[in-house]
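Undergrad: Shown below is the structure under consideration.
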Amino acid sequence: MSINIKVTENFNSKLKDLDFNNIPFGKVFTDHMLEVDYANGKWGEPEIKPFGPFLMHPGNVALHYGQSIFEGMKATISKSGNPLLFRPEMHVERINESAKRMCMPTIPEELFMEGLKKLLYIDRAWIPSIDGSALYIRPFMFATDITLGVKPSDTYKFMILLLPVGPYYTRPVKLKAETIYVRAVAGGVGEAKTAGNYAAALFPTEIAISEGYDQIMWLDAKEFKYVQEVGTMNIFFVIGDKVITPITDGAILKGITRDTVIKILQDKGYNLEVRPVSIQEVVEANKSGNLKEVFGTGTAAVISKVAEISYGDLKLVIENDKFEVANMLYDQMVGLRNQSIEDKFGWIHEVTEQLVEA
Ligand SMILES: *Cc1c(COP(=O)(O)O)cnc(C)c1O
């Protein structure tokens with residue numbers, strides 16, 4: 001191992017308090033976390049230490065101006081008890097794209113990967129083995145300068161947290177196509193996984209929830225004509241014999257699940273189109289009976305079926321008992337992660353003892 005990682009062991013494990021059959025999402029953290037600081041133009045020595053809170057100066061610039069980015073990935077467990085990562089290099093690439101957009105330093109791939117693998121290996125007993133459950137991984141970085149001046153921070157903290165999660169929310173969702181508020185505009189920060197994007201979505205999402213929907217389907221910010229994405233998911237439509245997903249135009253988060261789904265569909269010979277999708281096309285396809293499936297894709301929910309889309313006064317109901325494409329994709333993704341399906345693309349990385357102890 002070429003990166004020196006300091007390890008301070010947690011001798012007070014909370015694992016015995018975890019009920020693997022009933023894990024509240026986003027609330028349970030493992031015993032350890034990784035932390036590394038950036039100062040004087042370089043990253044320091046990463047440390048894996050007992051999970052816990054830390055003190056923060058009230059003048060921390062990230063709290064005031066939002067220089068803060070994150071990733072979301074998942075680990076499962078192999079039959080021999082080793083952590084399995086899914087396309088981790090894509091997440092390193094993406095956090096570094098987010099970093100550049102937010103004027104933050106990039107993280108060397110080696111630092112990210114070796115830190116993550118060692119942390120995962122140490123907390124591997126926390127990885128759920130029930131199908132659909134996983135260990136959610138939250139790498140994130142935020143500015144740590146103490147100043148109320150608006151300028152890029154000179155210092156940063158990068159951390160990785162681990163959270164066991166149960167099978168996500170599998171009920172088909174109802175979406176509201178949003179015609180007042182917008183999530184992102186090309187040229188803005190919609191492509192970056194940066195904190196403010198999610199804060200900006202809260203208010204319109206609360207309105208949609210109060211109206212009986214689960215999530216918002218965002219339309220483009222210029223004309224409210226083209227479909228962008230949903231919450232923290234990219235979106236796919238099956239219209240006739242075609243599978244269609246919007247092209248990422250600078251305002252849509254480039255989902256790694258989206259990319260995986262595209263590659264599986266291409267490999268299986270589906271008729272796939274990656275292009276702008278207008279809400280009008282979706283409305284007309286529904287009217288003519290050609291709208292066969294609508295589903296979201298993302299690390300947290302994997303594949304989320306859509307039962308209904310409202311658009312102004314229109315309500316598009318989608319018969320979702322037998323979504324063939326969505327079901328096939330869900331089975332593929334779960335099968336790849338539990339190693340019951342051959343990993344012919346080389347997406348799965350097994351974290352072995354030799355990898356972390358060498
Ligand atoms: C993270 C995220 C996604 C899904 O990305 P994955 O890499 O598939 O998890 C989609 N949209 C938004 C806005 C996101 O933040």
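None of the figures in this text is laboratory data; all of them are computed from the coordinates on show. Quantities reported herein were computed from a predicted structural model and do not represent experimental measurements. Here Cβ is always computed from backbone atoms with ideal geometry, including for glycine, and neighbour counts include all displayed protein chains.
Undergrad: Going highest first, how would you order 22-34, 39-51 by mean Cβ packing within 10 Å?
TA: Order by mean packing, descending: 22-34, 39-51.
Undergrad: Run the simple label-point estimate for R171 and E89 please: 7 Å along Cα→C-beta, distance reported in nm.
TA: The modelled label-to-label distance comes out at 4.1 nm.
Undergrad: Excluding residues fewer than 8 places away in the same chain, name every one of the aspartates and glutamates whose C-alpha is closer than 16 Å to that of K315.
TA: E178, E211, D214, E281, E284, E293
Undergrad: Which GluC sites (Glu not before Pro) in the stretch 283-358 sit in a loop by DSSP (not H, G, I, E or B) and have at most 11 other Cβ atoms within 10 Å of their own Cβ?
TA: Taking the stretch 283-358 and a limit of 11 other Cβ atoms within 10 Å, the loop GluC sites (Glu not before Pro) found are E319, E342.
Undergrad: Just in the stretch 301-358: which trypsin sites (Lys or Arg not before Pro) are loop by DSSP and have at most 11 other Cβ atoms within 10 Å?
TA: K322, K344
Undergrad: So, R0 is 25 Å and r is the distance between the beta-carbons of F224 and V274; what FRET efficiency does that work out to, to 0.05?
TA: According to the calculation, E is roughly 0.70.
Undergrad: Hey, for a label at A125 modelled as a point 7 Å past Cα toward Cβ, could you say which residues of the stretch 330-355 have their backbone N under 20 Å away?
TA: 351-354
Undergrad: So what's the stretch 112-184 giving for Rg/Rh, alpha carbon basis, Kirkwood Rh from the mean inverse pair distance?
TA: So for the stretch 112-184, dividing Rg by the Kirkwood Rh gives 1.14.
Undergrad: Using a basic spin-label model with each label point 7 Å from the Cα along Cα→Cβ, how many nm lie between T155 and H64?
TA: The answer from the label model is 1.5 nm.
Undergrad: Follow-up. Order the peptides 64-73, 273-282 from the highest to the lowest mean number of other Cβ atoms within 10 Å of their residues.
TA: The packing order, highest mean first, is 64-73, 273-282.
Undergrad: Once Rh for the stretch 173-323 is found with the Kirkwood sum over Cα pairs, what is the Stokes-Einstein diffusion coefficient at 37 °C and 0.692 mPa s, in µm²/s?
TA: 213
Undergrad: In debye, nearest 20, what is the charge dipole magnitude of the chain about its Cα centre with +1 on Lys and Arg Cβ and -1 on Asp and Glu Cβ, if you could check?
TA: Dipole about the Cα centre, nearest 20: 220 debye.
Undergrad: Here's another thing I want to ask about it. Taking the radius of gyration and the Kirkwood hydrodynamic radius from Cα positions alone, what is the Rg/Rh ratio for the stretch 80-138, to two decimal places?
TA: With Rg and the Kirkwood Rh in hand, the quotient comes to 1.04.
Undergrad: Can you flag which of K79/K322; K151/K193; K79/K305 are past 23 Å Cα-Cα?
TA: Beyond 23 Å between Cα atoms: K79/K322; K79/K305.
Undergrad: Report the calculated FRET efficiency for E109 and A200 (r = Cβ-Cβ distance, R0 = 30 Å), to the nearest 0.05.
TA: 0.50
Undergrad: Rounded to a whole number of µm²/s, how large is the Stokes-Einstein D of the chain at 10 °C and 1.306 mPa s, given Rh as the Kirkwood radius over C-alpha pairs?
TA: For these conditions, the coefficient is 74 µm²/s.
Undergrad: On to the next question. Once fully extended, how much extra length lies between K100 and V185, figured as 0.36 nm per residue of separation less the alpha-carbon to alpha-carbon distance?
TA: My answer for the length gained is 28.8 nm.
Undergrad: Suppose every K and R has +1 on its Cβ and every D and E has -1 on its Cβ; what is the size of the dipole of the stretch 1-160 about the Cα centre, in Debye to the nearest 20?
TA: 220
Undergrad: Pop the C-beta distance of M56 and I247 into the FRET formula with R0 = 56 Å and round what comes out to the nearest 0.05.
TA: E(calc), rounded to 0.05, equals 0.90.
Undergrad: Right, something else. Using only the alpha-carbon atoms of the stretch 134-227 as identical scatterers, what base-10 log of I(q)/I(0) does the Debye formula give at q = 0.10, 0.11, 0.24 Å⁻¹?
TA: -0.42, -0.51, -1.20
Undergrad: Also, quick follow-up: Show that you can apply the helix-only estimate: for the chain, add -39,500 (n - 2.57) for every DSSP H stretch of four or more residues, divide by all residues, and state [θ] at 222 nm to the nearest 500.
TA: About -7500 deg cm²/dmol.
Undergrad: How long are the three semi-axes of the equivalent ellipsoid of the stretch 29-72, in whole Å, if each is the root of 5 times an eigenvalue of the C-alpha gyration tensor, listed from largest down?
TA: Over the Cα atoms of the stretch 29-72, the ellipsoid semi-axes are 20, 16, 12 Å.
Undergrad: Let me ask something else about it. If the chain between N22 and S340 were fully stretched, how many nm would it gain, using 0.36 nm times the residue separation less the Cα-Cα distance?
TA: 112.0 nm
Undergrad: Order the peptides 8-17, 86-95 from the highest to the lowest mean number of other Cβ atoms within 10 Å of their residues.
TA: 86-95, 8-17
Undergrad: Another question, then. What helices does the chain have that are whole DSSP H segments, at least 18 Å long along their own axis by Cα, and with mean Kyte-Doolittle hydropathy of -1.0 or more?
TA: 109-122, 195-210, 324-337
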